[in-house]
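The values are calculated or read from the model by the stated rules, or taken from the named source; none is laboratory data. Since this is a predicted model, take the numbers as computed values, not measurements. Every residue, glycine among them, receives a Cβ derived from its backbone with ideal geometry; neighbour counts consider all protein chains shown.
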Amino acid sequence: MPLFGQPSIENSKNPSPKATIDASQDSTLEAELQKPYPDLSALGANDQIEFILQIHLLQPAMKSPFDSIEISENSASVRVWRDLPPQPDPDRVECLGYRWLLTGRGERLGKGAREVFEQFPSLENLNLELVEVDFLNQSIDKHGKLKRVEKSRPYLQLTIDRPSALSISRKAAELWKRKLGSDITSCLKVGRRLIKLKELKI
């Protein structure tokens, strides 16, 4: 089942990733790339990042404390509650993180890290953290009264910096999102080349 993909990479002469698909064949893609980006100045900084990445896919009232965006000095961190399936495939989980961080969520939803850095000139690092949540019963008195406790566990943390994000052309990002199927090998190759920090615990 296709997850998502990245284009084949030709890296013998140029270390930066390139899409090998001819974008001129896709008029829809070209039209999308010509659209002006909306003015987000009326939104707060967190809401601007939310709008660009479209990762949480929830109305504000439905979000849990584990779906959040935090900005501190020159870094922004996006946390997403997404429980792992039974027997998760580490490569697919890693690629999912690369896809969401580099190009936004879903085939047609959101943009990626490049647009976030363009919107915030002082931002130097963008972090993505995927967590799953355990629900535990904790004793709160000697009579055996229990309290339900939610405990999050990060299993994937990714960081991309400004120079790496700005090396991704908009055209390449759209091609990665729309054109390819389930090439996990290329996905890992591209993601690992661009990502500054990766921590995967499954």
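Summary of values
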{"read-out": "Filter result for Lys63 (basic (Lys, Arg), under 28 Å from Lys196 (Cβ atoms) and either modelled with pLDDT under 75 or touching a Lys or Arg at 6+ places or on another chain (Cβ under 7 Å) (or both))", "value": "yes"}
{"read-out": "Tally, over region 66-85, of residues that are farther than 13 Å from Leu128 by Cβ and touching a residue at least 12 places away in the same chain (Cβ under 8 Å)", "value": "5"}
{"read-out": "Verdict on Pro163 being exposed (fewer than 13 other Cβ atoms within 10 Å of the Cβ), outside any loop (DSSP other than H, G, I, E, B) and modelled with pLDDT of 75 or more", "value": "yes"}
{"read-out": "Ala113 within 21 Å of Leu40 (Cα to Cα), surrounded by 22 or more Cβ atoms within 10 Å (Cβ to Cβ) and at pLDDT below 95", "value": "yes"}
{"read-out": "Among (1) at pLDDT below 80; (2) at positive phi; (3) of a type outside the set (A, V, I, L, M) - the single one Ser41 does not satisfy", "value": "(2)"}
{"read-out": "Hits in region 86-107 (condition: touching a residue at least 60 places away in the same chain (Cβ under 8 Å) and not in a helix (DSSP H, G or I))", "value": "Pro88, Gly104, Glu107"}
{"read-out": "Restricting region 66-107 to residues that are farther than 25 Å from Leu166 by Cα and of a type in the set (Phe, Trp, Tyr), the residue that is modelled with the highest pLDDT", "value": "Trp81"}
